[in-house]
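A.B. asks: Mind having a look at this structure? Questions to follow.
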Amino acid sequence: MKEKHIRIILWSAVLLWMAVIFLFSAKNSAESQSMSDGVLNSLLTKTISGYSEMDSESQSAVIDTYSFAIRKAAHFSEYLLLGILTCLAFGRYSIRKYGKFFSPFFLCVLYAVSDEIHQYFVPGRACRAFDVMIDSTGALFGIAAVFLVTYLINRLAQNRKIK
C-alpha cells in the first residue's frame, strides 16, 4: 500500500476517534451519567456475587461508590486510544524522534482542552482541568505504549539479523 494511503487511513482513524469523543462529550449530564451507570451496572453484575439479588437502593449505593472511578477511567481510555492513533499517524512522517513523541502529545492535550471547553456549553456538564490531566495522562500512556512496542519490535528484528 502506498504511504499516502496509509497516512490517509491513519489520519481518518484519528479524526473518527475525535468525533466519537466529541459525541460522548455532547451528551448532557443525565445521558452521560445514565450511560456510565449502565456500563458500571453491567460490570458489577458480572464481578460482584450477589449484586443482581440486591434491592435497587443497595445497587444504587454500590454504583455511586464506583461511578467516579469508572467515569475517569473512561476519560483515560478514550485518550489512551487517541494517543496511540495520533502517534501512529505522526510516525509516518520524517520528523525527529522528539517530534514523533511531542507532536501527538501536544495534539491530544489541545484536543482534551477543546473537549473540556465544549463540555462547558453542554447542559449539566463542566469544564475541568482535572479531566484534561486525566485525558493527557491517557494520551501519554498510549504514546509511550507505541514507542515501547516499536522499540521491542526493532530490538527483536535486530536480534534475528545477528543470529
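The values are calculated or read from the model by the stated rules, or taken from the named source; none is laboratory data. In this text the structure is predicted, and so the values were computed from the model without any measurement. Every residue, glycine as well, gets a Cβ built from its backbone with ideal geometry; the counts of neighbours run over all protein chains shown. To get the accessible areas, we keep the full protein, side chains included, count just its heavy atoms, and leave off ligands, DNA and RNA. Shrake-Rupley method; radii C 1.70, N 1.55, O 1.52, S 1.80 Å.
A.B. asks: On a full-extension model of 0.36 nm per residue, what is the gain between Arg155 and Ser94, subtracting their alpha-carbon distance, rounded to one decimal in nm?
C.D. replies: Full extension of this stretch gives 19.9 nm more.
A.B. asks: Distance in nm between label sites at Ala145 and Arg128, each 7 Å beyond Cα in the beta-carbon direction?
C.D. replies: Result for the modelled spin labels: 2.2 nm.
A.B. asks: How much accessible surface does His118 have with a 1.4 Å probe, in Å² rounded to 10?
C.D. replies: 40
A.B. asks: Using the beta-carbon distance between Tyr51 and Leu23 and R0 = 35 Å, what value does 1/(1 + (r/R0)^6) give for FRET efficiency, to the nearest 0.05?
C.D. replies: 0.75
A.B. asks: To the nearest 10 square angstrom, how much accessible area does Ser34 have with a 1.4 angstrom probe?
C.D. replies: Accessible area, nearest 10 Å²: 80 Å².
A.B. asks: Which percent of the accessible area of segment 16-163 is formed by carbon and sulfur heavy atoms (probe 1.4 angstrom)?
C.D. replies: Exposed carbon and sulfur together represent 66 percent of the surface.
A.B. asks: Let me test this: with uniform point scatterers at the alpha carbons of the chain, what is the Debye-based log₁₀ I(q)/I(0) at q = 0.19 1/Å?
C.D. replies: Evaluating at q = 0.19 Å⁻¹ gives log10 I(q)/I(0) of -1.15.
A.B. asks: Calculate for the chain the 222 nm mean residue ellipticity that helices alone would give, adding -39,500 (n - 2.57) per DSSP H run of length 4 or more and normalising by residue count, nearest 500 deg cm²/dmol.
C.D. replies: -29500 deg cm²/dmol
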